[in-house]
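Notes follow once the structure below has been shown.
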Amino acid sequence: MKILKKSFFIFMILFVLLSIVGCGDNGGKEEPKDDRLTVTFDCDGGTSIENVKLESGQTLVNNFSSVKEGYEFITWVCDEYEYNFDLPVTKDITLKAIWLENYDEDVQTVVYFDTDGAKYIEPIVINIGDKIEEPEKPIKKGYGFRNWADSFDNKKFNFSNSIEEELHLIAIYD
């Protein structure tokens, strides 16, 4: 009987020791660390897009599409700037979808703004024949803003003019 008690006692000690050793994370195995960068998509009410993992320095391929009923997709913006898919990703980023609400083309039109690398300005839907106010002057590092120009003829745009058709304004800098 003494031998049975000793055997049981030894068995219990071994059981406890094995339990302690076996209770580590993944049985003592370390999870591989994922050092890749994450690109997250804020689809702003559109259909969701899965996060993308990239190695630092890789570029993101622009093949992501989201759909939002009643809207047209315009572009992706990162940290208030239109995202340039030619640049390498060097940190975790979030891309936000910019949408333009569908409009009645018989009575409305759109004014687009090209800030040439300054903070992104969203397009404006207006009634045909209306005027628009000049947006805040874009700030581009190393340059001074001169004026907005019509991309059709590169002439300085006069904000007292009525808008009769789709317009693309570009920022001109010194």
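Key figures
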quantity	calculated
Of all residues making up region 141-169, the number that are open to solvent by 30 Å² or more (accessible area, probe 1.4 Å), closer than 25 Å to D106 by Cα and not in a loop (DSSP other than H, G, I, E, B)	2
Residues (open to solvent by 80 Å² or more (accessible area, probe 1.4 Å) and farther than 28 Å from P138 by Cα) located in region 66-85	V67, E69
Qualifying residues in region 68-112 (those that are of a type in the set (D, E) and either without any contact (Cβ under 8 Å) to a residue 24 or more places away in the chain or assigned to a strand (DSSP E or B) (or both)) - the one farthest from I128 (Cα to Cα)	D79
Region 46-58 residues that are at positive phi, paired with ones that are open to solvent by less than 90 Å² (accessible area, probe 1.4 Å) (beta carbon under 7 Å, 6 or more apart)	G57/P88
Test result for K137, of a type in the set (K, R), at pLDDT 95 or above, over 30 Å from G57 (Cβ atoms) and under 24 Å from the mean Cα position of the chain (by Cα)	yes
Condition met for A118 (surrounded by 15 or more Cβ atoms within 10 Å (Cβ to Cβ), among the small types (G, A, S) and in a strand (DSSP E or B))	no
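Conditions (1) at pLDDT below 95; (2) of a type in the set (K, R), marked per residue:
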{"position": "K5", "(1), (2)": "yes, yes"}
{"position": "F11", "(1), (2)": "yes, no"}
{"position": "G27", "(1), (2)": "yes, no"}
{"position": "P32", "(1), (2)": "yes, no"}
{"position": "V39", "(1), (2)": "no, no"}
{"position": "C43", "(1), (2)": "no, no"}
{"position": "G57", "(1), (2)": "no, no"}
{"position": "E82", "(1), (2)": "no, no"}
{"position": "D92", "(1), (2)": "no, no"}
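Results for (1) open to solvent by less than 40 Å² (accessible area, probe 1.4 Å); (2) not aliphatic (A, V, I, L, M), shown as yes or no for each residue.
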| site | (1), (2) |
| --- | --- |
| L87 | no, no |
| D92 | no, yes |
| K96 | no, yes |
| E101 | no, yes |
| V107 | no, no |
| V111 | yes, no |
| E134 | no, yes |
| I139 | no, no |
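The values are calculated or read from the model by the stated rules, or taken from the named source; none is laboratory data. Keep in mind that what you see is a predicted model, and the values were worked out from it rather than measured. Cβ coordinates were reconstructed from backbone atoms using ideal geometry, including for glycine residues, and neighbour counts include every protein chain displayed. Accessible surface areas use protein heavy atoms only, side chains included; no ligands, DNA or RNA. Shrake-Rupley method; radii C 1.70, N 1.55, O 1.52, S 1.80 Å.
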